[in-house]
Amino acid sequence: MIRVQGLGKNYGDLEVLKQIDLEVSQGEVVAIIGPSGSGKSTFLRCLNYLEIPTKGKITMDDITVDVTKYSNEDIKKLRSKSAMVFQNFNLFNNKTVLENIMEGLTIVKKIDKVKSKSIAEEILTKVNMHQKQDVYPKNLSGGQKQRVSIARAVALNPQVILFDEPTSALDPEMVGEVLSVIQDLAKEHITMLIVTHELSFARDVADRVIFMDQGIIVEQGNPQKVLLNPQEERTKAFLANVA
Ligand code: ADP
Ligand code: MG
């Protein structure tokens, strides 16, 4: 479903992503861990060209975007393959919960209002937020906002969902409700990349864990192996610090 070849990203002289090569299968759930500043967010943002890479090729499903030669059409097509869930929700504060979900359906997917509304209602029920559909984001808890933001991503029916620390901005008592929504999605075999600090969640839900440091993938493998029996010194040091 995803193939990343020789991906790099510089900000001026700062080489944030050095050389990332990665393949992710349809339905695979991949957790990405690593220290702050290691390039995890930049990597996710390059995958949908929210950031333009400095080098490399990204394939999602049937579209390949090569940074040395691409069109706006290619980027549009690439972006239509994924949806992103951010740490800080990025909901439209002037729209209700229902309108937040309908927006992408009517504007991006050009689905008519009646149909958009019924899709939105169905997905809100799935994340147990249907009772809040006419509420504005300011009247929701952090956990509720994040569940709406996940519903908004799912509503677009993307091939891939990219999560960038979806629980990092939440009070501890709300982390569980959001992780359980993501866990339910994993059971539906939606392809997901999840940057997270929740190691026990990664262990339980991910098919694969990737440890990133200083712009490279240092180590990857099944969660048990990477989290409990890491091979690389940098992975060991990171896990020793966060445990
Ligand atoms: P992580 O998500 O792993 O914490 P990031 O991808 O956010 O790491 O950042 C990696 C590095 O890139 C950091 O040193 C950060 O300061 C730098 N960086 C991120 N975005 C920008 C930007 N827009 N301009 C310049 N430097 C950036
Ligand atoms: Mg980040």
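Only the coordinates and a few stated rules stand behind these numbers; no lab work does. Since we're looking at a predicted model, the values are computed, not measured. Neighbour counts run over all protein chains shown; Cβ positions are idealised from the backbone, glycine included.
Quick one: length gained pulling N72 to K236 fully straight, 0.36 nm per residue minus the C-alpha distance? It would help to have the intermediate numbers written out before the result.
On the way: separation 164, 0.36 × 164 = 59.04 nm, distance 4.20 nm.
Roughly 54.8 nm would be gained on extension.
Can you sort R147, R45, R3 from fewest to most other Cβ atoms within 10 Å of each residue's own Cβ? If you can, show how the numbers build up before the last one.
On the way: R147 27, R45 18, R3 13.
Lowest count first: R3, R45, R147.
Distance in nm between label sites at N222 and D134, each 7 Å beyond Cα in the beta-carbon direction?
Output for this residue pair reads 5.1 nm.
Most exposed first by the Cβ proxy, i.e. fewest other Cβ within 10 Å, how do I150, I216, I32 rank? Mind dumping the intermediate values first?
Numbers: I150 25, I216 17, I32 28.
By the 10 Å Cβ count, ascending: I216, I150, I32.
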